[in-house]
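What follows is a single structure, written as structure tokens, with notes after it.
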Amino acid sequence: MGRSPLLFAAPLVLLAVLTLILLWEAVRANVSPGARDDWPWRLQLLDMEALGSLLAVAVGAVLARAQYARTVRPYLGYRGSWRKGLLVEGEPAWRVGILNCGQHIAVIESWECRVVPRGEPDEATAPWVAVPDAVATLTAGGLTVGRDYQLIAFGTGFPLVGTGNYETVPVGIFSRRCVERVESLHVRVRVTDAVGDSHERVLDCLRGARAEYNVPGPEPVNE
């Protein structure tokens, strides 16, 4: 998770500066009166009453920001199931959808894919690429868009609305042939919440597909 430099760092920096000033004034208050006429002890940065008020405001701002950030934090999840007729009439296909279980909108910052065809090197060496490049990899493996799979591309700024009924937004649909020919297919999504913090989630799009290979799900339902 990445914090907003302005909304997260600024209150903390202010609090740190005020704390240092408080320490300076505390040390200065314990210096003998005669020494306060000499440099640097004669340097008074803030009146103690004003300093106390500013410290209270800064602490309140940091705590309020932390509480609000927790309230608006998105909770990204995903699920997949076998359904019939999504690609070819009467044929089962594995549908994967993403959802935001938080109470507020999260805006997509980036959307990348990583495809590893069956028999290719370990997935850790595969690069993260844009959806068109992932489509090119799948096409090179003999798979056809619309018949063997569909990959949804989400652009920067697309809102993932918080929902309490667990409705998902489609990410991809994959035929049995695609599941057989692809070792793994991951989607890495990065979103920004209402306070400017960034959150990242990696979706394993084929997770569970092979475990339910011979158990197609129900007919398509409206979500």
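Counting only protein heavy atoms and using a 1.4 Å probe, what share of the accessible area of segment 57-196 belongs to carbon plus sulfur, as a whole percent?
Carbon plus sulfur share of accessible area: 54 percent.
So who's got an amide H within less than 5 Å of the one on ALA93, skipping anything under 5 residues away but keeping other chains? H placed 1.01 Å off N, in plane.
Distant-sequence amide H within range of ALA93: ARG83, LYS84, GLY85, LEU86.
For segment 50-138, build the convex hull from the C-alpha positions and give me its volume per residue in Å³.
In segment 50-138, the Cα convex hull volume per residue is 175 Å³.
If SER198, SER110 are ordered by their accessible area, calculated over protein heavy atoms with a 1.4 Å probe, which sequence runs from highest to lowest?
Most to least solvent-accessible, the answer reads SER110, SER198.
What is the distance, in nm, between label points placed 7 Å from the Cα along the Cα-to-Cβ direction at GLU49 and at ALA66?
3.0 nm
Rounded to the nearest 0.05, what FRET efficiency do THR144 and ARG79 give with R0 = 35 Å and r taken as the Cβ-Cβ distance? Could you check?
Given R0 = 35 Å and the Cβ-Cβ separation, E is 0.85.
Name the residues whose placed amide hydrogens come within less than 5 Å of the amide hydrogen of TYR75, ignoring near sequence neighbours (fewer than 5 apart) on the same chain.
Here the answer is CYS101, GLY102, since their amide H atoms fall under 5 Å of that of TYR75.
Accessible area per residue of segment 60-218 at 1.4 Å probe, in Å²?
About 49 Å² of surface per residue is accessible.
The values are calculated or read from the model by the stated rules, or taken from the named source; none is laboratory data. Keep in mind that what you see is a predicted model, and the values were worked out from it rather than measured. In this analysis, Cβ positions are derived from the backbone assuming ideal geometry, glycine residues included, and neighbour counts consider all displayed protein chains. The area values use the complete protein model at the heavy-atom level, side chains included, leaving out ligands, DNA and RNA. Shrake-Rupley method; radii C 1.70, N 1.55, O 1.52, S 1.80 Å.
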